[in-house]
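Only the coordinates and a few stated rules stand behind these numbers; no lab work does. Since the structure is predicted, the reported quantities are computational estimates derived from the model, not experimental observations. Glycine gets a Cβ as well: all are built from the backbone with ideal geometry, and neighbour counts include every protein chain shown.
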Amino acid sequence: MALSQSSYRGCLLGLAVGDAMGYTVDSRSWQEIREDYGPNGLLGYDLVNGYADVTSYTQLAAFTCNGLLFGLTRGQMLGKMAPFIKYIELSSREWAASQRPWGRPSRSYCWLLRRSDLCRRHCMDTRMLDTLSRQVLGSPEAPVNNFSSPSALTSAIGVGLFYDKDRISRGEILRLGAEAVALTHGSPTAFLSGAALACIISGLVEHPTVPLKPLVLQTVEVMKEQFGHQYSQAYDIATAVRHAITYAESPGLNQVEVMERLDCDDAARVLAGAIYACLVSRGDFDSAMIAAVNHSGRSAAVGAITGAILGLRLGEEALPDFYIECLEPAQTLQELADDLTTGCPMEMGNKLFDLDWDYKYLHGGQ
């Protein structure tokens, strides 16, 4: 069963919703959240000038998708392309350029760099910008730092969404998810969480109706098999995720207390928190968002990943209208999702020509 346009849209829009909702309370204590929003915490957007702002979590995922589609298009149209990680590196550097008020490149490759609604300066980790200004970025084998934060984790969502069995295997997606995060985050806690997240998203792309719990459990086993001999952190991530699943299946637990116990601070615990919010909400998007952002940890990151997973599962129509209406980059994200749905419609030597696709993915929107 092929993934629908609605599911691709749901993933990117859900990611943005969770990011925008969580941004308001990100890294604030639960006590502070209650003082500002009441005993039940934040129950929806806290709008600024009528709009919900997205951060680098949404931006980085979108630029990753843009870079991968650019690489795919070069391969199909020109008959030559670099490894996919090179296009993620290129798009990540262009995203970093969007966060600076100076030094925009005169020649760009990502059409998203020309969309102001995805280039607001809302970077959740300025250390990542410093890393992206280096001449050489990191890899799992040659890390450039030991950062374990979730700041680059959503790039793995773009990797997972790019999955298509005719162009890349699930094993390659697992590896590419790790490589994407390792560009800027050298701790195995971060890049192995990226591998797991890319694998979960690609699993849902391949089997949209598969139950989430067995997919997640299978993913952490595959991650341990591929990386566990080299990185002990693979076992730590698997343990954190299994704890989240156990909590979600235990009736009567207070959700905020569970999220506090999960301590969603680094990439692995953010992933575990998102898995918990998805499972405990039993597929209800609204209650998942509330669970994902009301805690003392990285609310925007947990919200973004929860929204991406559930949006992919449920489709665009399951996202309440009030979330989408004031989400500034909604139209751009829908357009990008539709491009992911179709893939490059042209091939070398083919007489079919798509002017819009050529403009966006061969000429960078120029």
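Descriptive notes on the structure:
- Inter-probe distance in nm under a simple model that places probes 7 Å from Cα toward Cβ, at residue 130 and residue 34: 3.6 nm
- Formal net charge of residues neighbouring residue 144 (Cβ-Cβ distance under 15 Å; K, R +1; D, E -1): -2
- Set of segment 285-315 residues, backbone N closer than 11 Å to the point 7 Å along the Cα-Cβ line of residue 207: none
- For segment 1-104, the set of trypsin sites (Lys or Arg not before Pro) satisfying both a DSSP loop assignment and a count of at most 13 other C-beta atoms within 10 Å is given as 80.
- With the convex hull of the Cα atoms taken as the outline of segment 112-256, the averaged projected area works out to 10.9 nm².
- Residue 28 sits among other residues whose Cβ lies under 11 Å from its own Cβ, and their net charge, with Lys and Arg +1 and Asp and Glu -1, is -2.
- Net charge of the neighbourhood of residue 12, taken over other residues with C-beta under 12 Å away and scored Lys/Arg +1, Asp/Glu -1, is -4.
- Exposure rule at most 16 other beta-carbon atoms within 10 Å, DSSP loop GluC sites (Glu not before Pro): the chain longest free segment: 1-140
- Whole-Å distance, taken between Cα centres, linking segment 327-341 and segment 225-284: 29 Å
- Counting every alpha-carbon pair across the chain, the share separated by more than 39 Å comes to 8%.
- Relative contact order [Cα under 8 Å, 6+ residues apart], the chain, whole percent: 32 percent
- Theoretical ellipticity at 222 nm over the chain - DSSP helices of four or more residues, -39500 (n - 2.57) apiece, nearest 500: -18500 deg cm²/dmol
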